[in-house]
Amino acid sequence: MKHIPNILTILRLLACPLLIYLFYSKKHLAILIIFLLACITDFFDGYLARKKNFNSNLGKILDPIADKALIITMCIMLIINENVQGIHKLAFYIIILGEILVTSLRFNLYIKNKSLDVSQLSKYKTFIQMIAISSILSYELIPNYRLIILFILWFAVFTSVISGIQHFKTYLKLK
């Protein structure tokens, strides 16, 4: 029972290659369902780790990696498949860059036996990114909400930038 959060995190990681396969197979509904299930694992692994005290060192390292792997995978696939056009592709590039930079900061501190804890803002940021990606994926199924979807996407970029700045400031203090 204590290992369930880590199992859920690993399932989220395993969803990434499956999602890539589904993108190339053009299985839009399956992509949305698998992505939503992966997002749900993020909620439940965090809930179990905090509420049931199923914390582990592996989970502390693996959970942010799984989140970032899922988000980056989806951003890349949405760029490649041109789910968003023009200037809006820039949103994905910004999100990807932010995820890579924060991960680099986190690992730099980890090497020095310090940790860059996941902030509440960072949790909201990931949630908003997941909503934005889900909205874009559902656009093929419900095409009438383009402006709302683009607003959510750019709001995800905004929260990513603010969260990245917060992490960088914390990194400088800890370094």
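The values are calculated or read from the model by the stated rules, or taken from the named source; none is laboratory data. None of the values given here were measured: they were computed from a predicted structure. Here the Cβ is made from the backbone with ideal geometry for all residues, glycine too, and neighbour counts use every protein chain on show. Calculation scope for accessible area: heavy atoms of the full protein, side chains included, ligands and nucleic acids excluded. Shrake-Rupley method; radii C 1.70, N 1.55, O 1.52, S 1.80 Å.
For the reader, a short list of remarks on this structure follows.
- All positions within region 47-84 that are open to solvent by 70 Å² or more (accessible area, probe 1.4 Å) and more than 25 Å from Phe23 (Cα to Cα): Tyr47, Arg50, Lys51, Lys52, Asn53, Asn55, Asn57, Leu58, Lys60
- Criterion (buried (at least 16 other Cβ atoms within 10 Å of the Cβ) and among the charged types (D, E, K, R)) met by exactly one of Glu99, Glu140: Glu99
- Search result, residues across region 129-140 that are assigned to a helix (DSSP H, G or I) and not hydrophobic (A, V, I, L, M, F, W, C): Gln129, Ser134, Ser135, Ser138, Tyr139
- Only a single criterion out of (1) more than 20 Å from Ile10 (Cα to Cα); (2) in contact (Cβ under 8 Å) with a residue 12 or more places away in the chain; (3) of a type in the set (Asp, Glu) is not satisfied by Glu82, namely (2).
Per-residue answers, yes or no, for (1) assigned to a helix (DSSP H, G or I); (2) touching a residue at least 12 places away in the same chain (Cβ under 8 Å):
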site: Leu105; (1), (2): yes, yes
site: Tyr110; (1), (2): yes, yes
site: Phe127; (1), (2): yes, no
site: Ile142; (1), (2): no, no
site: Ala156; (1), (2): yes, yes
site: Ser160; (1), (2): yes, yes
site: Phe168; (1), (2): yes, yes
site: Tyr171; (1), (2): yes, yes
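- Of everything in region 1-43 that is touching a residue at least 24 places away in the same chain (Cβ under 8 Å) and of a type in the set (Ser, Thr, Tyr), the residue that is nearest to Leu62 (Cα to Cα) is Thr9.
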